[in-house]
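Below is one structure; the comments refer to it alone.
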Amino acid sequence: MIDLAFLAPDLVRDVVDGEQPPGFTSDWCKRHSLPPNWDEQRELLTQL
C-alpha cells in the first residue's frame, strides 16, 4: 500500500472524485505494484 503514497497527483484527484478506472480497486492494489514514474502509472491505469 506504500506505493499509493507516491501516486501521481492527478490520479489521486481522480480517485477522490470517483473517476478512477473501474479496474483500479483496493484488491488490484494489493496484488500489483505501481511504477514510481508518474507517466508509467498513467499508462498502466489506462489499461485497466
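Computed from the coordinates by the stated procedures, all read-outs in this text should not be read as laboratory data. Everything quoted here is computed from the prediction, not taken from an experiment. Reconstructed Cβ throughout: ideal geometry from the backbone, glycine too, with neighbour counts over all protein chains shown.
For the chain, a crude dipole built from +1 on the beta carbon of Lys and Arg and -1 on the beta carbon of Asp and Glu, taken about the Cα centre, is about 200 debye to the nearest 20.
Positive-end ranking of 8, 28, 38 along the dipole of region 2-46, with charges on Cβ about the Cα centre, is headed by 28.
Whole-Hz Karplus values for region 14-31 come out as 4, 5, 4, 7, x, 10, 6, x, x, x, 8, 10, 5, 4, 4, 5, 5, 9 Hz, taken residue by residue from phi with 6.51 cos²θ - 1.76 cosθ + 1.60 and θ = phi - 60°; glycine and proline positions read x.
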